[in-house]
Amino acid sequence: MKKRLVQLIITLLTFAAFTNIASASSWVGYQPEVPKELQN
Amino acid sequence: MIKNITIDSCIDKILSQLNKHSQIDEKQRIVLTYGTRIIINSVISYSLALLLALIIGVFKEVLIILFAVSILRGFSGGAHNSNIRNCAINGAIISNLLGLIVKYFLISKATLYSFIIVTFFIALWAIGKYAPADTPGKPITTITKRYQLKRRSFIVLSLWCFMCIYWFLRIPHVSIIIYASTLGILWQSMTLTKNGYKLYNKVDQILNLLFRRVE
């Protein structure tokens, strides 16, 4: 159960990261600097 | 600086907890750190704006404004402040001021209709000329992506416009959703322009000065 919850959190955080990278800027609040590894 | 360390330490704690139960490699760690930072920034900004709205009694209005601004901002970009503190405070103040306008500055259906038309053309011009308006932390370098984001911004604007037309044809009274979203779209369009960037820089300077005095 705990492992599934952790997997869900990892999926959500990954989704948040890639959604932000695909968009023009963060939907609300501060836009942090995108790490070089994720820029292309 | 202290606030940055706090956010960073929060991220480290979350990632170490995740690492205990799942093997995270270096690449995955970079993605998760960035994702966590985005979530924390969003939660702080939304919470501050909505908490202030709850206190002054404009929660519904501010929620609609934030929703409209967020959707368009995701595709069109726009000005940001230099740090999370300033961005959250600036966003909270502006969204609540707009919320107060919606609640206390009542207008007729005809006036709102005219306001929608003006807003639509301003947004059309701002998106056509400036979108996607990027930030130094997240530059948009490829032409394909710029074209794609501009096109999606136009789609969001068109959907909002269809919603307004539906309201005008079907609903006899002024709708808070339409009124608040119109102000949200207008504000978001303003943040795309050069003057919008100048205004955000000015607000940044003022907030930095205020917090330096407090510290």
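Here are the numbers for the structure shown:
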item: Search result, residues across region B:137-153 that are open to solvent by 70 Å² or more (accessible area, probe 1.4 Å) and within 17 Å of the chain's Cα centre (by Cα); result: B:R152
item: Residues of region B:74-131 that turn out to be more than 24 Å from B:L52 (Cβ to Cβ) and within 14 Å of the chain's Cα centre (by Cα), as a count; result: 3
item: Which listed residue, of B:G91, B:G57, B:G128, is at the interface with another protein chain (Cβ under 9 Å from one of its Cβ atoms) and not acidic (D, E); result: B:G91
item: Check on B:I107, among the aliphatic types (A, V, I, L, M), modelled with pLDDT of 95 or more, more than 18 Å from B:V203 (Cβ to Cβ) and surrounded by 14 or more Cβ atoms within 10 Å (Cβ to Cβ); result: no
item: Selection count where residues are within 7 Å of chain B (Cβ to nearest Cβ) and open to solvent by less than 40 Å² (accessible area, probe 1.4 Å), scope region A:15-37; result: 13
item: One residue from B:I11, B:I24, B:I7 being under 21 Å from the mean Cα position of the chain (by Cα) and within 23 Å of A:Q39 (Cβ to Cβ); result: B:I7
item: Selection from region A:13-40 of residues that are in a helix (DSSP H, G or I) and within 25 Å of B:I89 (Cα to Cα); result: A:L13, A:A16, A:A17, A:T19, A:N20, A:I21
item: Subset of region B:139-181 (residues that are out of contact with any helix residue (DSSP H, G or I) (no Cβ under 6 Å at 6 or more places or on another chain), without any contact (Cβ under 8 Å) to a residue 60 or more places away in the chain and not in a helix (DSSP H, G or I)); result: B:P139, B:T141, B:T142, B:I171
item: One residue from B:L112, B:L48, B:L15 being within 10 Å of chain A (Cβ to nearest Cβ) and open to solvent by less than 10 Å² (accessible area, probe 1.4 Å); result: B:L15
item: In region B:117-132, the residues that are open to solvent by less than 30 Å² (accessible area, probe 1.4 Å) and at pLDDT 95 or above; result: B:T119, B:A123, B:A126, B:I127
item: Subset of region B:18-45 that is among the charged types (D, E, K, R) and part of a helix (DSSP H, G or I) - its residue that is most open to solvent (accessible area, probe 1.4 Å); result: B:K27
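The values are calculated or read from the model by the stated rules, or taken from the named source; none is laboratory data. Treat the numbers as computed from the prediction; the structure is a model and nothing was measured. Don't worry about glycine lacking a Cβ; one is built from the backbone with ideal geometry, like all the others, and counts go over all protein chains shown. Side chains are part of the model used for accessible areas, which takes the heavy atoms of the whole protein and leaves out ligands, DNA and RNA. Shrake-Rupley method; radii C 1.70, N 1.55, O 1.52, S 1.80 Å.
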